[in-house]
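Each remark here refers to the structure printed beneath this line.
Each value in this text was obtained by applying a stated rule to the coordinates, not by laboratory testing. What you see is a predicted model, and the numbers here were worked out from it, not measured in a lab. Neighbour counts run over all protein chains shown; Cβ positions are idealised from the backbone, glycine included.
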């Protein structure tokens, strides 16, 4: 479950960077932030770096769609565990 929570935190960081890129698409001197996910010590980590490019809306929007699906996929195991614990507590009571 902790891996799912870490992945959701990393994806949240990526989504924040993406939203910032989209918000600054018309800013002349703005340089986009590129974010990638990597695995370090059984944990998912977001790595961000500033690029020399402007914001590419096509990339940002497709990344946001993929991040939404990934975030949703990582919530399922947490919801299942919550339901299992609830059922166990109901049986115990």
Quick one: if you stick a label point 7 Å off each Cα along the C-beta vector at residue 23 and residue 78, how many nm between them?
2.2 nm
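Using only DSSP helix segments of four residues or longer, with each worth -39500 (n - 2.57), what per-residue ellipticity at 222 nm results for the chain after dividing by its residue count and rounding to 500? Let's see the in-between values first.
Details: 2 runs with 58 residues, N = 93.
Calculated at 222 nm, the ellipticity per residue is -22500 deg cm²/dmol.
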Hey, with R₀ at 22 Å, roughly what FRET efficiency would residue 62 and residue 9 work out to, going by the Cβ-Cβ distance, to 0.05?
0.55
Can you compute the radius of gyration and Dmax for the chain, using only the Cα atoms, both in Å?
17.4, 63
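Roughly speaking, what is the stretch gain from residue 51 to residue 38, that is 0.36 nm per residue apart minus the C-alpha to C-alpha distance, in nm to one decimal? Don't skip to the end; give the middle numbers.
Values: separation 13, 0.36 × 13 = 4.68 nm, distance 1.82 nm.
So the chain would gain 2.9 nm between residue 51 and residue 38.
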Nearest 10 degrees is fine. How inclined is helix 57-92 to the longest principal axis of the chain, computing both from alpha carbons?
10 degrees
In degrees between 0 and 90, to the nearest 10, how far off the longest principal axis of the chain does helix 2-23 point, with axes built from Cα atoms?
30 degrees
